[in-house]
């Protein structure tokens, strides 16, 4: 039986709240949902009025138990972090606050647990990075051995060609040799982060950014401005300066290439922004201080089709790209116990690097 909707004025105040609120009767049927709850649950008030917690969430038992406790103890509210699972959709990580209103109504406030979402995203990225690392290493070694054989066979074949046909056929053997060399270079780039030792020293992040800035402006001297927005109070930290230069350079160079149209128009901009972040959790470890580095550009944004896969190896958003720049940047950042994130929309792309500070 569909519950009667609440009178229009009974919960009018709830509609003004930014947090999601559900009003339930004593049988657990939804009487009202404010607009924020409609957005959170991706469902209209009309549709929600036909449901109970058990039909909304596949694991509603904990939330239903909180409702029962609230009805039994009207003077108290009950709080709990929950992961509310929904059929065919991502779980909702929320902080729930449940309280009774009168003798037969329950109010449930659901606040998205942003920190939990962030931790889950970082964990997925770390797992993805580890899988990428193993995939790249194994694939590169599998490719490397036959490449040497192909190149050597082409060289021997060239030596065996009859002089009469050498000039005509040498073109084909050279194609084989050059393509084998090109693939060998690609394999060496794939293996580079795993071969090179991690050289640790004192790093000033602003020296890293100034080096990258000079390299980018040398390649794009006209039409591109690289603006500094530095926090001079940032301390030095222990790290591999060359790896960090390469990580930032890969991101900034990608940004400059994506800004081709704006560079031609003369209004392309990249911003290097540094800040201190406090009480940051990276890879499930809590740090009091962290470097918060943003590399922003006013380009067209990352295509939606690859936005969730940009750190995968060999994924590129432009013709001729190797798809290795961001993969290597992620590897170098993770070797410094940090994380790299990206938010992008047309007109604004923001790569954020977080690194622990002493």
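The values are calculated or read from the model by the stated rules, or taken from the named source; none is laboratory data. The model shown is predicted, which means the values in this text are computed figures rather than measured ones. Backbone-built Cβ (ideal geometry, glycine too); neighbour counts: all protein chains shown.
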Practice task
Look at the stretch 43-70 and say how many of its residues are assigned to a helix (DSSP H, G or I) and touching a helix residue (DSSP H, G or I) at 6+ places or on another chain (Cβ under 8 Å).
Solution key: 8
Problem - Residue satisfying condition, being touching a strand residue (DSSP E or B) at 6+ places or on another chain (Cβ under 6 Å) and in contact (Cβ under 8 Å) with a residue 24 or more places away in the chain, within set 29, 86, 50 - result: 29
Problem - Options 33, 70, 54; residue that is crowded, with 18+ Cβ neighbours inside 10 Å and closer than 18 Å to residue 92 by Cα - result: 33
Problem - Single match in 22, 82 (criterion: surrounded by 12 or more Cβ atoms within 10 Å (Cβ to Cβ) and either assigned to a loop (DSSP other than H, G, I, E, B) or at pLDDT below 90 (or both)) - result: 82
Handout entry: In the stretch 314-348, residue farthest from residue 199 (Cα to Cα) [restricted to those that are modelled with pLDDT under 75 and buried (at least 18 other Cβ atoms within 10 Å of the Cβ)]
Key = 317
Handout entry: strands (runs of 3 or more DSSP E) (entirely within the stretch 191-287) containing at least 1 residues that are over 17 Å from residue 353 (Cβ atoms)
Key = 201-203, 224-229, 268-282
Problem - Test result for residue 98, at pLDDT below 85 and either surrounded by 14 or more Cβ atoms within 10 Å (Cβ to Cβ) or outside any helix (DSSP H, G or I) (or both) - result: no
Exercise for the section: May I ask you to list pairs of residues, at least six apart or on different chains, whose Cβ atoms are under 7 Å apart, with the first in the stretch 251-271 being in the same structural domain as residue 340 (by TED's automatic domain parsing) and under 25 Å from residue 208 (Cβ atoms) and the second being part of a helix (DSSP H, G or I) and at pLDDT 90 or above? Expected result: 252/212; 252/216; 253/216; 256/216; 268/262; 270/252; 270/255; 270/256
Completion exercise
Per the filter on the stretch 264-273, residues touching a strand residue (DSSP E or B) at 6+ places or on another chain (Cβ under 8 Å) and surrounded by fewer than 20 Cβ atoms within 10 Å (Cβ to Cβ) are 269, 271, 273
